[in-house]
Amino acid sequence: MSTTAHARSRLILQESGITRAILIAVVFAFLALFLLVPLGTVFLLAFEKGIGAYLSALSDPGTRSAISLTLLAAGIAVPVNLVFGLLAAWLLAKFNFPGRALLVTLLDVPFSVSPVVAGLSFVLLFGRAGLFGPFLQAHDIAVIFAAPGIVLATIFVTVPFVVREVLPLMQAQGNSEEEAAMTLGASGLRTFFRVTLPKIKWGVLYGVVLANARAMGEFGAVSVVSGHIRGVTTTLPLHAEILYNEYNFVGAFAVASLLSMLSIATLVLKKLIEWRAR
Amino acid sequence: MSVRVERVTKRYSAAGTPAVANVSFEAKAGAITSIIGPSGAGKSTILRLVAGLELPDEGRVFIGEQDTSNVTIQSRGVGLVFQNYALFQNMTVRDNIAFGLTVRKRDKAEIDARVEKLLSLVQLAGKGNRFPRELSGGQRQRVAFARALAIDPKVLLLDEPFGALDARVRIELREWLEGVQKEMGVTTLLVTHDQEEALEISEHVVLMFDGRVAQAGSPGDLYDRPLSPEIAAFLGASVLQGSVKNGQAQAGSFSVSATGTAVEGEKVRAVLRSEDLKLTRSATDGEVRAAFVRRLKVVGGRVKVSLDLPHGESVSVDLPRSEVDALALAEGEQVFVDVSSARIFYGEFDI
Amino acid sequence: MPGFRLTLISTLVFVALIVVLPLFGLFLKTTTLTFPQFIAAVTSPRALLSYRLTFLSSFAAASLNAVFGLLVAWVLVRYEFPGRSLVDALVDLPFALPTAIAGLTLTALYTKDGLFGKPLAALGIQVAFTPLGIVVALTFIGLPFVVRAVQPILESIEPEIEEAAMGLGASRFQTFRYIIFPTVLPALLTGFTLAFARAIGEYGSIVFISGNMPMKTEITPLLIVTSLEQYDYAGATALAVVMLTVSFALLLLVNLLQRKLARVTGNAVA
């Protein structure tokens, strides 16, 4: 009974009231200056010229096409990574095989590679002077400086999210329930959907939410493969950059405010999922 | 050094019921005093109050003749041992044991010598450079004991120290502790929920219910003269309920003539300890009742016999296996119960 | 368990196409350079200055994150105060907010007429378009890494451990210095390394605030993009290989730290 208590509840393990107040104040000040004020500034600058200017910036055709391209990229990248993330998590959680550790590392690589390097890699594969460049040109297929390149780059940067959340959950929960289901005659697929998935659903959702935030907000990798063709190959973050470089600050921050709302929604969802999963 | 707890009350939240209320007892110098009781009785709180991990809302704690009200935990000189060992994972066994001396800035050579002595005392000589994670549970707890003893504590405070260990190791370590305690003569307060452990190891027992002291005394006192049926039940006796009828104290199948002060219709409870009950296969003289054997539970060399009495009550008897074999007992069979003595309690009891 | 062949084949194909093939293309491109050409590309004065800037600003930001991250984690784990769960949620903002947006808003804040830039300029401190601005942006990006690495370890320290230390005569400070800090150190280093690795490769938040002046505020990822825009594919690739090597070295370091962490906490790692 003595092991369940926490330092938070033990008076003797607390610093004096003054020390505590100072430390909490420093944390509040630090987070306010570094996180909250920058977030607030986005909205402040977006609405600097009033709500009319804000709305007209958002209804600009360039912005609208950026929204659709962003939705397209995330709409493909997230489901692809969901499916392959679950397949990979099952593989890594249930089986041991030579090269398993290498595979785990490879799945994590996109987190440690600079997005710019990732983008460059795709240019070197599919660009005009790239490995598959001549083939693609002969068949009149555009990947780089076109939507497919943006989708590919987005898939690359979001590879680790779902696996990372789901694998530890699957490992922690072991195989016993799956084995029980299968001895009762359930097929592998049925077992996965009826037994495994319900146990890991919050982890899956968590991974999807984070992957989606990254997919919609990715800048570096997408920037390299996009070519910045306004209204054609610009996602929302790229569009914000273009507007900013044109000194259209209200436009840039209006677009930024959309992505900021997305990030706030992500944080709220994340918190809700953590709370539900408990 | 003795420990005296005087009318101590502690509440964890201002409005809530107190975790301990008006508790007083004395732990004699150089002896083992056990604090027992069901979980939530406030045993650990008492220990934490003595250690200085909590401060009492009312009352005082004396260590020796010193009132500890204004003495910090660091300077109380108490040795703490917890159920979960609470070893410093980042330090070797040696550094764990030396910790109390290191923070006191003792001489290095003196620390080394003392640690070596303690390592052999806890039978871990040569394991000083191991890390806690490399030791078994029993070994870890011995390191915790050595660490607590290193500072020459005035009082050793043990919070369920054997609780996380398996049965064999628990008995081994308990016997080891008894030996070391006797040898060093350090005053020891032991919190445990295991009444057998307490009765076996301690000179003095403080039994707590609901934050209050229900009874304090020697193990023999508590066992032979429980102040209430609840205490007897906690210590393993069977309790039968009944009332006074026609001058007889009747509790289920048992009846004895009531004492003079007993009032007709008053509540009666009969406390039957295992050794008060004698089993026979044929009815003989004396207070003999027919009963059915409901269950036989073999625990090593002993057997716990659960009996159903004619009036639907149940009692249990703890017998050596040889005796059960000699009686040829089997579940569902009839036996006769001879009651040699029973304690009868009249009326309601406030514990 | 069934599904070994299915999951193995699909995972291998996916990883091969999405992760391995692009990196392979990168190395293939490098082979079009002779070794002296490669060396020349990665040791040009402009490249060397960009490494220096990237490395130093990342190190500074990760160090700031280590200090404040530990503090934030401490306060979140050990104290009860109104708004605790809000603060806890806010810590993840840099993970959720697109980096380019962070770059935009930080730039707006720290330029000479920005909310923070104005008073700082009065003190003679210029943040936007200087290395200091890069540090600010990288600190923003890296904050969650340290907090999220340290938090669970702090949470897992049993109160009895600290109580035992105090019972043995240790002061609060000594308990922190000898028990708590060594216990969280591997996690702190892990968080530091993750923040550092992320900072090294960061691009989106920097392009806005750094001003991108060659030899002055040009980080390596930016130099890669610049080379690419000038169709110097070989030069860009050579720099990318350098970055990739550093990233893998850091990844290895994190794995080693995680193993050490697993020993301290007694938990197995995936």
If you go through region C:238-246 one residue at a time, do you hit one that is within 30 Å of residue A:169 (Cβ to Cβ), surrounded by 19 or more Cβ atoms within 10 Å (Cβ to Cβ) and within 11 Å of chain A (Cβ to nearest Cβ)? no
Of the residues in region A:245-271, how many are free of Cβ contacts under 8 Å to residues at least 40 places away in the same chain and not in a helix (DSSP H, G or I)? 2
When both residues are 6+ apart or on different chains and their Cβ atoms are under 8 Å apart, which pairs have a first residue that lies in region C:28-56 and is within 14 Å of chain A (Cβ to nearest Cβ), and a second that is of a type in the set (Asp, Glu) and surrounded by 12 or more Cβ atoms within 10 Å (Cβ to Cβ)? C:50/C:218
Go through (1) farther than 25 Å from residue C:91 by Cβ; (2) in a helix (DSSP H, G or I); (3) hydroxyl-bearing (Ser, Thr, Tyr) and name the single condition residue C:231 misses. (2)
So how many residues does region A:82-107 have that are within 9 Å of chain C (Cβ to nearest Cβ) and more than 28 Å from residue A:176 (Cβ to Cβ)? 2
Some residue of region C:120-128 being more than 15 Å from the chain's Cα centre (by Cα), more than 8 Å from every other protein chain (Cβ to nearest Cβ) and surrounded by 21 or more Cβ atoms within 10 Å (Cβ to Cβ): yes
Looking only at region B:252-270, decide whether some residue is charged (D, E, K, R), part of a loop (DSSP other than H, G, I, E, B) and over 29 Å from residue B:198 (Cα atoms). yes
Residue B:293 in contact with a Lys or Arg (Cβ under 8 Å, 6 or more places away or on another chain) and outside the structural domain of residue B:20 (by TED's automatic domain parsing): no
Subset of region B:43-74 (residues that are small (Gly, Ala, Ser) and closer than 17 Å to residue C:163 by Cβ): B:44, B:51, B:52
Listed by first then second residue, the pairs whose first member lies in region B:79-103 and is within 24 Å of residue C:260 (Cβ to Cβ), whose partner is hydroxyl-bearing (Ser, Thr, Tyr), with beta carbons under 7 Å and at least 6 positions apart or on separate chains, are B:84/A:3; B:89/C:183; B:90/C:183
Residue among C:217, C:245 that is farther than 19 Å from residue C:147 by Cα, part of a loop (DSSP other than H, G, I, E, B), under 19 Å from the mean Cα position of the chain (by Cα) and at pLDDT 90 or above: C:217
For region B:50-66, give me the residue count where each residue is modelled with pLDDT of 90 or more and either in contact with a Ser or Thr (Cβ under 6 Å, 6 or more places away or on another chain) or assigned to a strand (DSSP E or B) (or both). 7
Return a yes/no flag: does region B:235-258 have any residue that is of a type outside the set (S, T, N, Q), within 19 Å of residue B:43 (Cβ to Cβ), crowded, with 18+ Cβ neighbours inside 10 Å and not assigned by TED's automatic domain parsing to the domain that holds residue B:123. yes
Any residue in region B:201-208 that is within 14 Å of chain C (Cβ to nearest Cβ) and in contact with a Pro (Cβ under 8 Å, 6 or more places away or on another chain)? no
Applying the selection to region A:70-97, what residues are assigned to a helix (DSSP H, G or I) and over 16 Å from residue A:214 (Cβ atoms)? A:83, A:86, A:87, A:88, A:89, A:90, A:91, A:92, A:93, A:94
At pLDDT 85 or above, surrounded by fewer than 17 Cβ atoms within 10 Å (Cβ to Cβ) and in contact with a helix residue (DSSP H, G or I) (Cβ under 9 Å, 6 or more places away or on another chain) - does that describe any residue in region B:325-346? no
Regarding region A:143-165, can at least one residue be identified that is of a type outside the set (Ser, Thr, Tyr), free of Cβ contacts under 8 Å to residues at least 40 places away in the same chain and within 11 Å of chain C (Cβ to nearest Cβ)? no
Considering each residue of region A:190-236, count those that are more than 15 Å from the chain's Cα centre (by Cα) and among the small types (Gly, Ala, Ser), and give that number. 4
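Kindly state which helices (runs of 4 or more DSSP H) lie completely within region C:10-85 and contain at least 1 residues that are among the basic types (Lys, Arg) and at pLDDT 95 or above.
On the way: elements: C:21-30, C:35-42, C:45-78.
Hits in region C:10-85: C:45-78.
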Counting just the residues of region B:85-130 that are over 18 Å from residue C:169 (Cβ atoms) and of a type in the set (Val, Ile, Thr), which one comes out surrounded by the fewest Cβ atoms within 10 Å (Cβ to Cβ)? B:92
Subset tally (residues that are without any contact (Cβ under 8 Å) to a residue 60 or more places away in the chain and surrounded by 23 or more Cβ atoms within 10 Å (Cβ to Cβ)) for region A:215-232: 1
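Per-residue answers, yes or no, for (1) surrounded by 23 or more Cβ atoms within 10 Å (Cβ to Cβ); (2) in contact with a Lys or Arg (Cβ under 7 Å, 6 or more places away or on another chain); (3) assigned to a loop (DSSP other than H, G, I, E, B):
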| position | (1), (2), (3) |
| --- | --- |
| C:133 | yes, no, no |
| C:136 | yes, no, no |
| C:139 | yes, no, no |
| C:142 | yes, yes, no |
| C:146 | yes, no, no |
| C:155 | no, no, no |
| C:160 | yes, no, no |
| C:169 | no, yes, yes |
Restricting attention to region A:193-206, does a residue exist that is closer than 26 Å to residue C:105 by Cβ and surrounded by fewer than 22 Cβ atoms within 10 Å (Cβ to Cβ)? no
For region C:72-93, give me the residue count where each residue is out of contact with any Lys or Arg (no Cβ under 7 Å at 6 or more places or on another chain), over 17 Å from residue A:15 (Cα atoms) and either facing chain A (nearest Cβ under 7 Å) or small (Gly, Ala, Ser) (or both). 5
Scan region C:102-115 residue by residue and report those that are facing chain A (nearest Cβ under 8 Å) and in a loop (DSSP other than H, G, I, E, B). C:115
Can you name every residue in region A:181-214 that is in contact (Cβ under 8 Å) with a residue 12 or more places away in the chain and among the small types (Gly, Ala, Ser)? A:181, A:203, A:207, A:211, A:213
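The values are calculated or read from the model by the stated rules, or taken from the named source; none is laboratory data. Source: prediction; values computed, not measured. Cβ sites come from the backbone with ideal geometry, for glycine too, and all protein chains shown count toward neighbours.
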